[in-house]
1. Suppose each label sits 7 Å from its Cα in the direction of the beta carbon; what would the residue B:84-residue A:511 distance come out to in nanometres?
2. At most 11 other Cβ atoms within 10 Å and a DSSP loop assignment: could you name the GluC sites (Glu not before Pro) in region A:28-61 that fit?
3. Can you list the residues in region A:351-380 whose accessible area drops by at least 20 Å² when all protein chains are present, compared with the chain alone? Use a 1.4 Å probe, heavy atoms only.
4. Give the interface area between chains A and B as buried accessible surface, both sides summed, probe 1.4 Å, in Å² to the nearest 100.
5. Check each of the trypsin sites (Lys or Arg not before Pro) in region A:441-485 and keep only those in coil by DSSP with at most 14 other C-beta atoms within 10 angstrom; list them in order.
6. Classify region B:339-451 as rounded, prolate or oblate, taking a ≥ b ≥ c as the square roots of the eigenvalues of its Cα gyration tensor: rounded when a/c is under 1.5, otherwise prolate if a/b is larger than b/c and oblate if not.
7. What FRET efficiency comes out for residue B:211 versus residue B:485 if R0 is 30 angstrom and r is the Cβ-Cβ distance? Round to the nearest 0.05.
8. Dipole magnitude of the protein assembly as shown about its Cα centre, charges +1 at Lys/Arg Cβ and -1 at Asp/Glu Cβ only, in debye to the nearest 20?
Protein chains: 2
Amino acid sequence: MKIVVVGSVAAGTSAAAKARRNDESARITVYERDHDISYSGCGLPYFVGGEVETIDELTPRDAAWFKARYDVEVRTGHEVTDVDVTTRTVTVRDLATGSTFEDPYDELVLATGVRSVVPPLAGVDLPGVFTVRSPSDARAIRGWIEQRKARRAVVVGAGYIGLEMTEQLTERGIAVTVVEALEHAMPRMDADMSARVDAELRRNDVDLRLATRVSAIEGDHDGVTGVRVGSPEDGETVAADLVIMSVGVRPNLELATQAGVTIGPTHAIAVDRQGRTDVPHVWAVGDVAESFNLITGEPAWVPLGSTANKMGRITGDAITGGTLEHRGILGTSIVRVFDLGVAQTGLTEDQARAAGYDVEVLHNIKPDRPEYLGGKPLVIKAVADRATGRLLGAQAIGASGADKRIDVLATAITYGADVADLFHLDLAYSPTYATTKDPVHYTGMALDNAIRGTAPLITPAELDRRRADGEKIQVVDVRSAKDRAKGVVAGSVHLPLKELRARAGELDRDVLVVTYCNKGVTGNAGQNLLRNLGFAQVYNLSGGNQNYQAWAAAQRLGRS
Amino acid sequence: MKIVVVGSVAAGTSAAAKARRNDESARITVYERDHDISYSGCGLPYFVGGEVETIDELTPRDAAWFKARYDVEVRTGHEVTDVDVTTRTVTVRDLATGSTFEDPYDELVLATGVRSVVPPLAGVDLPGVFTVRSPSDARAIRGWIEQRKARRAVVVGAGYIGLEMTEQLTERGIAVTVVEALEHAMPRMDADMSARVDAELRRNDVDLRLATRVSAIEGDHDGVTGVRVGSPEDGETVAADLVIMSVGVRPNLELATQAGVTIGPTHAIAVDRQGRTDVPHVWAVGDVAESFNLITGEPAWVPLGSTANKMGRITGDAITGGTLEHRGILGTSIVRVFDLGVAQTGLTEDQARAAGYDVEVLHNIKPDRPEYLGGKPLVIKAVADRATGRLLGAQAIGASGADKRIDVLATAITYGADVADLFHLDLAYSPTYATTKDPVHYTGMALDNAIRGTAPLITPAELDRRRADGEKIQVVDVRSAKDRAKGVVAGSVHLPLKELRARAGELDRDVLVVTYCNKGVTGNAGQNLLRNLGFAQVYNLSGGNQNYQAWAAAQRLGRS
């Protein structure tokens, strides 16, 4: 059997290695257009920033290593230009010599990955404008910074790569302006969570321009000098001696199209659970291929190294007779943004609503470990299905422990966890690592109480919507006078918890009440008290005033 | 309804608070012998060490807080001395005045916790000898250290508290000798893992005396001067101006015995899944009560704050008509020992074998995140059931990320995970937090391959046992000559991976082969190669030479 793999970053090499482990006799060739193989694309920003000293650390394996270890031929500097699926032959161009040759295959694996989207802007080809995909890109950026002694950068696009580059350039002492067309950094998250990322960027002196478009890049043959943002009429030029274009990536579909394989609704290659396309003997793995959502079963495309590795291994196994099958993704991901871990898994509130779920939403704000040992606030937004109690997704932001909680919740979601399950998880407790009841436990308890109706929750967005619809709502601030001075929910009355029992008569029992405090705990106590006093409908404001203010900040920007 | 709770640390106050949340009208009284309530016992060592500045940080809530928040009467300095289950009455002594009174109950909750075991040694009552249970203990120890300018301490017992105290005393600049009767620190873990804790203690200049008994404590009315260790004949005296007794804890069963409730096989109070004892209207929660193992269903007693909190909440709910039920424990726990996190969940290898499982055992040694971003080795020992593929338990030791992996594995075990499931988990990847394939993924892949027979594993202990039984085994070191110089498995031959294909003829195909490298990965490559060349039985040594050396160190001590 002869296996030809096109592309050698994560998925391609995983497929080749797994195929070899299963089958000693197969001939396996990997073609790679670029010079580097099997590199850590996700590590590139840290080479630019200097946290990683040499690029070799990100490219530990070369063709010789693969040959020696797996008896796999990796041919770099070779581009597969054509595929003939009837004769099962690829045409390959040796980029060094320009010569082409044909190579037959029994099984063809497309691992062609993605390219960076470069919008057709004036000046986008100027020296000093970069994308961040390959080690060559990273070397070029670092070289440019050092040679030009770059002081000011503009990063266009505030997704993962944009944020990582922003952090790393800032760490190098470069003043960074981030330009994002959407209303928040990290647009994959719900706005009330993304707003917290916006705040962290600004806290680190990043000049963050949201809901802002780039109209042109300015400069001359010597290099970029600035980025024109805003509308052509009343825009402005942000000075820059370095521009990072990180507006997104797009699958490299040329070969797939030529092979005639079906492209799925996410605009990546449609494959079955083992990576088969609908053309015989043609497989697709990694960022170029479509995955599916573990919860909804719907096609999903979230290009991440972790998923690419899995897909490669599964297809390498399947080609050689194995039975591994892809079980779907949750889009679990994390990015470090200065002092915060920003992570998510499963469906966001927006995605869950779009998928038709009637959702319960909680913002749990608790320290990741006791404050007496330096614990910092960790915000977990969790989304559950009211009809079944099933946990649908979570987003977490905090100085530490966001990764742990998201991985635990991702594991629970994988097994179809009911929110009531979370409290029962036997998690590792010591005050050096967690609180006695872990934030995961609190998240489950609060969502369970909300869904069972013993402690209903309302989000700032829902409160706003219902008031805008003309519904009469009594919003009750149960905090102390000192806390109330920190900022309030618009239109709230002040009945501190200590006085609430005595002064409950000031409220109308037949009108909806929403209690709130700083983060939600005392608000819940007030809610309990009023319910026990016979109030018919009492909601607790999810995440309290702290979350309300984050939501309000997100709203102000959305409306501006 | 009148609820009386005896004990107010973790479980007692949880039960009272949950009961109140469910039932506004119940009368709830908590009796507490001590002064402090609802404190963080697990935080005490960090107050002694100074990481926590004031004891108030560990005792954030007092009786007045509980009264105001939950309308719960907490009466400190009151000891419940008698219980009459026929009249449903407790007798209470006011420790300040010495007067006693009777208090009737409808439901009685025993949350009497544990006491420190103090062995009947000469000198154990000397000034300067302490146990670590309560804030008073911690205050006394810190006071003693400061007043006496203590320079040398002996810690007797190397379980959680002993190790935490050792770390914290060392951090204060006190020279610590640890005396442990068993063969390793952290005796709850398997010896090959505990040995790694031993090494970390010694690396931090702790004088660790294993398999050593204390025969007396020396000193006079002015205070302790030393600890006599070893046999009375050839023992020695370790000088000390401070002694911590941390040899274990034991349930406070006096009231339970008087009430006539059944004590379970673990010597804690037997309860059902809601905390009911077998005496009507008497419940038991927290460290004084028995739990059960989630995997085996057998009674289990692992006194931990996390479990105590759960049990309290469940019983508080049940008493007031709720339906919460305890789902069992995995004994998940973690302790920080200097630069290492030391964690475990589920069954150890020893426990699994004792429970009758035919176990597959893996030692996975991989960085917790890429080495190019500072990743350090994380050792995960995982145990699975060969018959079903079910994951039974895991132990993890590493500079960072041990807590995360143990929590993920605990969650997976809770849902009955097959080891083959782990590879499919969609965990959060970024090189700042994890490797592309997470250590959890590798753990699952290797165990799955071992159980399915494609890459069988053998532990150092099993290799040793089989060789001791006279079985002929060819142990093949597939490392480079440079690596081989680091230390070898006894009786191994050297066939580097690069030469293995060519030199395989030097091995006998019909005799069992065990391949090994440093940590296991290259050993697995050698194993694959030999199997593909037609060798019938090839095992890979679990965790490679690194794990073999840890095991050998554990053995040497065990035999000394």
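The values are calculated or read from the model by the stated rules, or taken from the named source; none is laboratory data. Treat the numbers as computed from the prediction; the structure is a model and nothing was measured. Reconstructed Cβ throughout: ideal geometry from the backbone, glycine too, with neighbour counts over all protein chains shown. Heads up: the accessible areas ignore ligands, DNA and RNA and are worked out on the full protein's heavy atoms, side chains in. Shrake-Rupley method; radii C 1.70, N 1.55, O 1.52, S 1.80 Å.
1. 5.5 nm
2. Loop-located and lightly packed - A:53.
3. Going by heavy-atom accessible area, the residues of region A:351-380 that drop by at least 20 Å² are A:372, A:373.
4. 6700 Å²
5. Filter output for region A:441-485: A:452, A:472.
6. prolate
7. On the way: r = 32 Å, r/R0 = 1.05.
Once rounded, the FRET efficiency stands at 0.40.
8. Details: 124 positive and 148 negative charges, 58 e Å.
The dipole of the protein assembly as shown has a size of about 280 debye.
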